[in-house]
Amino acid sequence: MDAHLLGDARRWRYYALAPAVAVYLLLTALPLANLVAMSLHDIRWQGGSADWQFSGIRHFAELGGDQLIRAGIANTVVFAIGAVTCEMLIGFFLALFTSRVVTGRVAYRTIFLLPILIPGIVIGAIWKLMYNPDFGVINQLLSLAGLPGRDWLGEKNLALASVIVVDIWHWTPFVFLLLLAALESLPQDVFEATRVDGATAWQELRYVTLPMMWPAIAVTLLFRLIVSFKVFDEVYLLTGGGPGTATEVVSFTIYRRFFTEDRMGYGSAISLVTLFVLALLIVLALYGSRRFSKET
Amino acid sequence: MEKTGFQRQLVGIVFGVGVAALLAFAGGAAHAQKVAPITIVINQSPWFGGFSKAVEAYERETANKVTLDVNPFAGSAEKQRNSVRSRQGQFDILVMNSTWLAEFYHGGFLTPLGDIDPSFKLDPQVLSYDDTAYWDAKTKSNNARTGSLYGVPLNGNIQLLFYRADLYQQAGLKVPETWDQLMANAQKLHNPPSIYGMVFRGARSASDISYDWMPYLHSHNGAIFKDEKAGDFTVTINSPEAKKALDTYVDLTRKVGPPNPGSYGQAQVIQALVTGKAAHGTPVIAAWSQMDDPSKSAVVGKINVAVLPRGPGGKPSPTLGHFIGAIPKNIPRDRQVAALAFLKWFQTVQAQQIVANAGAPPIRKDVLESELSNKPENRWMKAMVDSAPYPRSMYTVPEGPQIVSVLELRLNQAVIGEKNTAEALNTIATEIQEIMRKGGYKTGKLPDLK
């Protein structure tokens, strides 16, 4: 090809990329740069205007001593692992069991998907009523069975588990939907060949279904992990981080420091560190997923 | 064709009526559109019903347009911050709770009402609420004598003792004047799970347990700081008096409270009272409107209110949880004028009667003491008047939201048993001292409690 034309084509690639880069800079890099700037300052308001005082890395240094952050990280990890593990297992087996059901598939799929269609605020209201120790349906059912009721959101040993249950209820349909779509797209001739070869149901699942499903499982798992690390609305609506720090999660700590206490510099520092840790997790998860795919 | 006399008369009449109608319309329009439309940012509190009734009456009476932007409590503060920090504000009246008032005064976001109308003054019948509507920018304090008027109180929220008058009568109990007497009464009525002796706002939130415990602290002669008004911010919350106050509170929650008092917020306290599950509570008076509402309450006519009890050697000390309506600097002049027109109207007797009739606490002493107070449904008014000399502010520094955050967590930990009362207060003192040190205040703290 003519060198001149080749150069034009290369330049054109950059021109074509320019709008996307501009949008990225405007919507991602710029806010991020602002967050970095804020994290290095103490910001106070006096006489109607903001007074920025350089604080260096002091806000980052304070993070380690912040008990709310420590509790938030611990709870977020427990929350993410607990909720996502259950969602993946229930979602996968639901998809597996229902993938071959033909009768009433539209009806049951609609019913299964309902929780992800309900707005977070409504979910908070529904579950807060269900968990109510005096009037909630859960304690009423327990009392019918002759069992004592519990304060599901008020007892420090139960509160986080109760929030995890709500998250499982909310997000399992999402996992189910993605895995069912992946399951239905698998080539059927492979399964037929497996059965002709006399494989048991377990062998079919272990050696055929799971390896072929792995990319879909990995993507779903990664997506759910990222979203669950950012959990906010369920905690905000159900417990407000309490009792004590029993349900404090990182996003809620950021909200509290940044907005409720109006500590913009410190809140920015927490946000940046969270962003960095999440990005690192994503990179590690993607790397691990690729390696695992290659090996299997 | 020549018109007959009758035709000429008819034309004259039609013309006259037309002109009169036009003039009437023009006059009406001029009357209707006196001032610019305004937007009020407010939170959804128990007293909101009374305020919205007053707004409806104002619109009917003046034909001025008022839009209410209603939010959850914490969300309202955030919206107000965003609005006053932008080039042009979105809201014309900020309904500010006492917990974030100091931040807005210190930030310099508000307009002195005298700058909009030099003749405007707070009506002498409006209660003072510890001078919180005034701000002295030089001394950085609330002072009616030296400061400028920045707002009009919109709601006189303070805590009162809500108690089951019917159960008191059956058991032959006297209204308690001290926390110890309250404990004794509550123990007599405590019969869980049918009824709890008392319910508390023990939850950790934007403002629950810190507000609920303050009357205990102040009525035991304790305080967060040594002498806030004199600029001495030595932290004294870990004093023996404060420990006694927290011991009393925690003791009450354990002996006569529900199984998990650390999860009860304001809504749960009100719910327990109106469903007959609680014999006592100390919610804000704004909650009263629900007590006698047959659609919400199972105990209509059975609850009464009294001045809060006190600690040994102390005075009853309800905490100011009131709201001030203020006008931001960053809105156009015509909207400032319109906002002040509403505030002027709101402090009138007529407006405050509408508020009181809706079961919300009025801001005028004469309305609280008027014939309205003789009606059985307004039996709370006397306790409000009797409490008038005692209300205390929680703090007057802009670091208030950080202080509240510390109090909410550590007090809640004391209630749920994660920390003992001395540990909780020592931690609070250390953390508040650090907040004040970073803020550049003269500070220190008492030696740790053992």
Vicinal HN-Hα couplings computed from phi for the range A:279-284 (Karplus, 6.51 cos²θ - 1.76 cosθ + 1.60; Hz; Gly/Pro x): 4, 4, 4, 4, 4, 4
The range A:58-295: relative contact order as a whole-number percent, Cα under 8 Å and 6+ apart: 31 percent
Beta bridges per DSSP with both ends in chain B, % antiparallel, nearest 5: 60 percent
Shielding of B:412-419 by partner chains, average beta-carbon count, 10 Å: 4
Separation between Cα centres of the range A:204-274 and the range A:87-128, rounded to whole Å: 21 Å
Amide H contacts under 5 Å for A:HIS41, placed H, 5+ residues apart: A:SER55
Coil-residue GluC sites (Glu not before Pro) of the range B:135-243, DSSP, other Cβ within 10 Å capped at 15: B:GLU177
Sites matching trypsin sites (Lys or Arg not before Pro) across the range B:65-153 that sit in DSSP coil, with at most 13 neighbouring C-beta atoms within 10 Å: B:ARG87, B:LYS121, B:LYS138, B:ARG145
Nearest-20 debye value, the protein assembly as shown charge dipole, Cβ charges on Lys, Arg, Asp, Glu: 380 debye
Partner chain coverage, peptide A:44-57 - average Cβ within 10 angstrom: 3
Bridge type composition, the protein assembly as shown - antiparallel percent by DSSP, nearest 5: 65 percent
B:PHE225 long-range amide H proximity, modeled H, under 5 Å: B:THR236
Cα-centre dipole for the range A:158-260 with unit charges at Cβ (Lys and Arg positive, Asp and Glu negative), debye to 20: 460 debye
Residue mean of other protein chain beta carbons inside 10 Å, A:250-263: 4
Helix-only CD estimate at 222 nm, as mean residue ellipticity for chain A, using -39500 (n - 2.57) per DSSP H run (n ≥ 4): -22500 deg cm²/dmol
Counted charge near B:ALA77, where neighbours are those whose Cβ lies closer than 12 Å (Asp, Glu -1; Lys, Arg +1): -2
Distant-in-sequence amide H partners of B:ASN71 (H built 1.01 Å from N, under 5 Å): B:ILE42, B:ASN43, B:GLN44
Cα pair distances exceeding 27 angstrom across the range A:164-296, given as percent: 41 percent
Exposed chymotrypsin sites (Phe, Trp or Tyr not before Pro) absent - longest run of chain A, DSSP non-H/G/I/E/B, at most 16 other C-beta within 10 Å: A:1-134
Mean Cβ neighbour count within 10 Å, used as a protection proxy, ranking B:408-421, B:388-401 highest first: B:408-421, B:388-401
The range A:196-203 - phi-based ³J(HN,Hα) in whole Hz, Karplus 6.51/-1.76/1.60, Gly and Pro as x: 4, 6, x, 6, 6, 4, 5, 4
Dipole of the protein assembly as shown [Lys/Arg +1, Asp/Glu -1 at C-beta], most positive-end residue of B:VAL337, B:ILE428, A:ALA182: B:VAL337
Prolate/oblate/rounded call for chain A, Cα gyration tensor, a/c under 1.5 rounded: oblate
Charge tally in the Cβ shell below 14 Å around A:ASP262, where Lys, Arg are +1 and Asp, Glu are -1, A:ASP262 excluded: +2
Integer Hz, Karplus 6.51/-1.76/1.60 couplings in order for the range B:357-369, x for Gly and Pro: 5, 8, x, 9, x, x, 9, 9, 5, 5, 6, 5, 9
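Rule-based calculations on the coordinates, nothing more; no lab input. Predicted, not measured: the structure shown is a model, and the values here were computed from it. Neighbour counts run over all protein chains shown; Cβ positions are idealised from the backbone, glycine included.
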